[in-house]
Structures are given as C-alpha cells and as structure tokens.
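Comments concern the structure below.
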Amino acid sequence: MKELKYDVLIIGGGFAGASTAFHLAGRGLKVLLIDSKPWNRIGDKPCGDAVSKAHFDRLGMPYPKGEELENKISGIKLYSPDMETVWTVNGEGFELNAPAYNQRILREAESKGVEIWDQTTAVKPILDHDQVVGAVLNNRRTNEEVTVYTKVVVEATGYSRSFRSKLPPVLPVAEDLDERDTDIAYREVLLTRDDIEDSDYLRIYVTQKASPGGYWWYFPKGKNKVNVGLGIQGGMNYGSIHEYYKKYLDAYAPDVDKSKLLVKGGALVPTRRPLYSMVWNGIIVVGDSAYTVNPVHGGGKGSAMISGYCAAKAILSAYETGDFSTNGLWNMNICYINEYGAKQASLDIFRRFLQKLSDEDIDYGMKKKVIKEEDLLEASEKGDLHLSAAEKAMRVISGLGRPSLLFKLKTVAEYMKRIKQLYQNYPQSPSMLKQWKESVDRTILEFNNAIS
Ligand code: FDA
Ligand code: PGT
C-alpha cells in the first residue's frame, strides 16, 4: 500500500473542513484535504443556506459574490403559531448557493498550497497507542488505497461522524449523542408563481402542530425562488417528516409552483452543546461532527466556520511547540467555547424549554411580549436571557392567573446563566475534563427535572 506523510489531514470538505483549510493555507504546512464527493458536489447538502453576515466579518472570510450569492437578507420575521404575532429581527445575512461558495473557499485554499483529493474516503484511523497518527484512505479517482501519516487529523465529516465513530468509544472525541438532541430536517427549493413579498426577509413559522420541536422556514432565494422546509425533534416518535411536509406545505408556502421543484432532500441536525472535548491526541473535530450547530435555530454553517478558524489556530500553535497531544491541542476547546460554545450551551437549555411549550403558550407569550424581540435577539447573540423580562413575565402571568410552563421562565433564565458560567470555567487542561463534564450533565439533568 502507498504511504504518504502530511502535516495535517482534513477529512471532509464541507464548511467546517473548507474553513480549516482556508485558515491553514499558505502558513508553511503540508496539508491534504479529502472528500468522498466529486468536486462539483462538495458543499451540496440539504440546508436552508442562510448565514449571518457577522460570521464572515468576524472570521475574515470572503463574502459570497456572483453566483455564490442568491439573495441578500435584511432580517428574519418570526411568526407565532396562530400567525397573529409577527416579530421582526433585523440583521444582515446571505442566502447562499452553498456548493458554489464552499467550492470557492476550497479553490482559494488550493491556490495557496493545500492539496485536495475528491472522491476519496477515509476508511479507518491509524492509532499508535493512544495517539491518532493517520488514516487509511480509499481514492476512487486513482483506484488506490493510501496510508497517510500525519501529526494531526481534522475530523470534518459532518453529522455522519464517519471517522471519529471508528475510534475507541472511551475517547471523549468519540462521544455519541442522544437522538432527542437532534432535529430531522427536510427542505425543497422551488420556484414561486408570483413575486415574493419582502423577499429580503427570512420567514420562520413556529408551530408545534406542523413541526413539533422545530419550525417551518421560508427562505427566499430571490424574487421567485424559495428554500422551504421544516425541522422536527428526533427521538420522540413524531412520525414521518415527509407526511408533515405534504400536509402543511400549502399552509406555509402557498405560492410555490409544485411543478417547478429544483432540489429536495433532508438530513439530521445536532441541536445540543458542543462535544465536551473537540480534541484528543492527534485529532481535532469540527463542524456538525463536533455538534457546533446553534441549538435554537439549527443554523450550523457560521459556527462550522468558527470551529475551522479555531482548529487552524490550535494547529499552528501546536506546530510551534511540537506538541500534538490532547494538551498541545487544548486551545481548540478554549477558543471555540469563547467564540460560540458557551452561548450554545446556554441555548441548549433554552431549546429544551421551547420544545416543551404548547402552541397556546407560544401564542400567548409572543402576543403579551412575555419575551420580547430584543430579548430573543440577545439570547440568540449572547446566550443570555434577561431575568428582568422573566420577572415581569411572572407578574403578568400570575396576574392573569394563567398557570403554564411559561411560569418556569425564571428557572430557564437561571439555568441558562448557570450553564454559561460552567462553560466560561471550562478546564484549562484535560485532567479536569471528567469532573467538569459531570457538573454539566448534572446541571442539565436538574434542569430537565425542574421543567418537567
Ligand atoms: P458537511 O456535512 O457539510 O460536510 C461533511 C463533508 O465530509 C461532506 O462533504 C462529506 O462528503 C465528507 N465526508 C464524510 N465522511 C467522510 C469520509 N469518511 N471521508 C471523506 N469525506 C467524508 N445551517 C445554516 O447555517 N443555515 C441554514 O439555513 C441551515 N439549514 C439547514 C437545513 C437542513 C435541512 C439541514 C439538514 C441543515 C441545515 N443547516 C443550516 C445546518 C448546516 O447545513 C450544517 O451545520 C453545516 O453544513 C455543517 O457543515 P460541516 O462541514 O460540518 O458538514
Ligand atoms: C426550538 C428548537 C429548534 C430546533 C432546530 C430546528 C432545525 C431546523 C433546521 C435548520 C434550519 C436552519 C435555519 C438557519 C437560520 C439562520 C438564522 C440566523 O442566521 O440567525 C441569526 C444569526 O445567529 P448566529 O448565532 O448564527 O449568529 C449570531 C451572531 O450574529 C454572530 O456573531 C440570528 O437571528 C436569530 O437568532 C433570530 C431568532 C431565530 C429564532 C428561531 C426560532 C425559535 C423559536 C422561538 C420561539 C419564541 C417563543 C417565545 C415564547 C415565550
């Protein structure tokens, strides 16, 4: 079997792997990125394709342009289940042609020296004692099996987790997830019969009836083209997502021309706090594989880019010290938690609460501004739910004698704060990981009991 040596092997060229390659390119390392798909399909996965502009600005990623950009977004309109209340959250974003943008990032990395092999799958890891030292690859373009030895492997295989799932299950980076911490999501891209009104606004329809534990979305890709779909919580036996789609499409996208279907497909979305450790000896996990998705809105492309940025930073500093052990790569965890992970953990708590609300609770809560637009935006941006709002809510609700789950908002805000603080005290070294994880698990269990 052919044997090759690289400094870094990136497995998977989606948003997470491509961003890692982008930030490593031109920095003097010998980097190989592989993807199972052929070039023209890399980045082509079921997605709503909406990403906040803030992510590109913060990470120094180029804006999508030309065919990569389908629509410029000015904000989100959030509809209550009865559609009587509409909240508008303003903020710039992009509705992407995701494969086109993704492939451009890969091309830019390639032009700065990253080697890219398409149609190549990582079949299994190579371990030396407790250290990942490479992978066996199957290159279908050249019809070869290749063994690649490397200082560090970046696992960017998306929700499939197809590489890290072959590691010994005792390793923290092999951590599995609870099905209830996922959403099953399905979407189609269709042309509309008429011009879309306010086509620069994404629409999110919150409805437990038509999308239990998720929501319906209607994301315009231009004046006459829309990405429409829904998510439903996994592990709850809610039934087939296709049935929900068929049954409610006319309610949430009455203007689509069903004979003008351009794309369809579904996939799973992790909706939890990030992997407890995104690194181990010789390996870093990024993107969906590391559960980096926002638990409340299910968007994961922006945070996949953040994880790629943090991975590149950790690898470059490990090269300075020559230490590729868990210790040497630990900065990855600290970087990601500071940039997004602490907020994600807090939103994991908020998500558990939201998924238990009834449509009546949500109608009432939105109409009476028990939580306000600003509060939701602040929760979404920082992971903080302000107690003042919750306290006011308590007064309103008790005044009106309407006992419901909404009563527990104060508890929700407290636990969001608690878990965020735990994440802000993430262990500075691997030795304290187990103890820290136990406190997080305990806090989540306590919260589940408090709202059940
Ligand atoms: P991704 O899955 O994109 O990439 C993994 C890559 O690894 C693939 O190219 C695959 O071929 C490759 N691979 C896997 N195993 C391999 C192996 N063993 N060897 C070689 N290659 C391998 N997010 C968002 O920001 N805005 C949105 O609007 C939406 N909407 C949305 C709708 C729906 C229906 C879903 C299912 C999801 C979303 N998301 C989203 C989430 C978003 O799509 C997701 O978080 C990111 O695309 C994840 O990017 P990754 O690079 O982590 O994985
Ligand atoms: C409730 C559980 C839901 C589970 C998930 C469902 C899965 C569906 C599949 C995925 C669809 C993908 C949709 C992606 C949308 C992108 C939205 C977006 O870009 O949001 C921006 C940016 O957020 P960010 O974290 O990426 O970036 C932050 C910062 O800008 C970067 O520096 C922010 O806008 C929002 O978050 C708006 C709020 C969206 C809320 C989603 C609905 C939740 C339901 C709320 C109900 C409220 C009722 C309260 C009643 C008391």
Residue count, the stretch 148-200 (criterion: over 30 Å from Trp436 (Cα atoms) and among the charged types (D, E, K, R)): 8
Filter result (within 19 Å of Glu68 (Cβ to Cβ), open to solvent by 40 Å² or more (accessible area, probe 1.4 Å) and among the small types (Gly, Ala, Ser)) within the stretch 84-128: Ser111
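Got a sec? Which of Phe324, Phe353 is at pLDDT 85 or above and over 30 Å from Gly12 (Cβ atoms)?
Working: Phe324 fails: over 30 Å from Gly12 (Cβ atoms).
Just one listed residue meets the conditions, Phe353.
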Contacts under 7 angstrom Cβ, first residue in the stretch 346-370 being at positive phi and of a type in the set (A, V, I, L, M, F, W, C), partner assigned to a helix (DSSP H, G or I) and more than 16 Å from ligand 1 (Cβ to nearest atom), 6 or more apart: none
Pairs, first more than 30 Å from Phe407 (Cβ to Cβ) in the stretch 425-452, second among the hydrophobic types (A, V, I, L, M, F, W, C), C-beta under 6 Å, six or more apart: Tyr426/Ile337; Pro427/Leu433; Pro427/Trp436
Matching residues, the stretch 83-129, being small (Gly, Ala, Ser), assigned to a strand (DSSP E or B) and more than 16 Å from ligand 2 (Cβ to nearest atom): Ala122
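Mind checking which residues of the stretch 255-279 are more than 21 Å from the chain's Cα centre (by Cα), open to solvent by 10 Å² or more (accessible area, probe 1.4 Å) and among the hydrophobic types (A, V, I, L, M, F, W, C)? Show your work before the answer.
So the first thing to find is which residues in the stretch 255-279 are more than 21 Å from the chain's Cα centre (by Cα), and the list is 255-263.
Add one more test, that the residue is open to solvent by 10 Å² or more (accessible area, probe 1.4 Å), and what stays is 255, 257-263.
Those that are more than 21 Å from the chain's Cα centre (by Cα), open to solvent by 10 Å² or more (accessible area, probe 1.4 Å) and among the hydrophobic types (A, V, I, L, M, F, W, C): Leu261, Leu262, Val263.
Given the options Gly48, Gly60, name the one that is crowded, with 18+ Cβ neighbours inside 10 Å, at pLDDT 95 or above and either within 20 Å of the chain's Cα centre (by Cα) or within 25 Å of Gly231 (Cα to Cα) (or both).
Details: Gly60 fails: crowded, with 18+ Cβ neighbours inside 10 Å.
Only one candidate passes the filter, namely Gly48.
Based on this model, can you work out whether Tyr186 counts as within 16 Å of ligand 2 (Cβ to nearest atom), touching a residue at least 40 places away in the same chain (Cβ under 8 Å) and open to solvent by less than 80 Å² (accessible area, probe 1.4 Å)?
Details: within 16 Å of ligand 2 (Cβ to nearest atom): yes; touching a residue at least 40 places away in the same chain (Cβ under 8 Å): yes; open to solvent by less than 80 Å² (accessible area, probe 1.4 Å): yes.
Answer is yes for this residue.
Going by what's in this entry, would Glu3 be described as out of contact with any helix residue (DSSP H, G or I) (no Cβ under 8 Å at 6 or more places or on another chain) and more than 14 Å from ligand 1 (Cβ to nearest atom)?
Working: out of contact with any helix residue (DSSP H, G or I) (no Cβ under 8 Å at 6 or more places or on another chain): yes; more than 14 Å from ligand 1 (Cβ to nearest atom): yes.
For Glu3, the condition - out of contact with any helix residue (DSSP H, G or I) (no Cβ under 8 Å at 6 or more places or on another chain) and more than 14 Å from ligand 1 (Cβ to nearest atom) - is met.
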Residues of the stretch 193-202 satisfying the condition of being open to solvent by 20 Å² or more (accessible area, probe 1.4 Å), farther than 14 Å from Val51 by Cα and in contact (Cβ under 8 Å) with a residue 24 or more places away in the chain: Arg193, Asp194, Asp195, Asp198
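Taking the stretch 397-436 as the search range and keeping residues that are within 19 Å of Leu357 (Cβ to Cβ), at pLDDT 65 or above and β-branched (Val, Ile, Thr), which one is least open to solvent (accessible area, probe 1.4 Å)?
At the first step, the residues of the stretch 397-436 found to be within 19 Å of Leu357 (Cβ to Cβ) are 397-398, 400-416.
Those left that are additionally at pLDDT 65 or above: 404-416.
Going one step further and asking which of them are β-branched (Val, Ile, Thr), we end up with 411-412.
Values: Thr411: 39, Val412: 0 Å².
Looking at the filtered set, the residue picked out is Val412.
Between Gly13, Gly17, which is assigned to a loop (DSSP other than H, G, I, E, B), modelled with pLDDT of 95 or more, in contact with an Asp or Glu (Cβ under 8 Å, 6 or more places away or on another chain) and open to solvent by less than 30 Å² (accessible area, probe 1.4 Å)? Don't jump to the end; show me each part of the working.
On the way: Gly17 fails: assigned to a loop (DSSP other than H, G, I, E, B).
Being assigned to a loop (DSSP other than H, G, I, E, B), modelled with pLDDT of 95 or more, in contact with an Asp or Glu (Cβ under 8 Å, 6 or more places away or on another chain) and open to solvent by less than 30 Å² (accessible area, probe 1.4 Å) holds for just one of Gly13, Gly17, which is Gly13.
Kindly provide the set of residues from the stretch 146-179 that are among the aliphatic types (A, V, I, L, M) and exposed (fewer than 14 other Cβ atoms within 10 Å of the Cβ), ordered by number. Talk me through it step by step, then tell me what you get.
To start, the set of residues in the stretch 146-179 that are among the aliphatic types (A, V, I, L, M) comprises 146, 148, 152-154, 156, 167, 170-171, 173-174, 177.
Val170, the sole residue that qualifies.
Looking at Val154, Val173, Val132, Val148, which is the one that is touching a residue at least 24 places away in the same chain (Cβ under 8 Å), among the hydrophobic types (A, V, I, L, M, F, W, C), closer than 30 Å to Trp280 by Cα and assigned to a helix (DSSP H, G or I)? Give the steps one after another, and end with the answer.
On the way: Val154 fails: assigned to a helix (DSSP H, G or I); Val132 fails: assigned to a helix (DSSP H, G or I); Val148 fails: assigned to a helix (DSSP H, G or I).
Only one candidate qualifies: Val173.
Where in the stretch 247-338 are there helices (runs of 4 or more DSSP H), lying fully within it, with 2 or more residues that are without any contact (Cβ under 8 Å) to a residue 60 or more places away in the chain?
Numbers: elements: 301-321, 326-329, 331-336.
Ranges flagged: 301-321, 331-336.
The values are calculated or read from the model by the stated rules, or taken from the named source; none is laboratory data. Since this is a predicted model, take the numbers as computed values, not measurements. In this analysis, Cβ positions are derived from the backbone assuming ideal geometry, glycine residues included, and neighbour counts consider all displayed protein chains. For accessibility, only protein heavy atoms count, side chains too; no ligands or nucleic acids. Shrake-Rupley method; radii C 1.70, N 1.55, O 1.52, S 1.80 Å.
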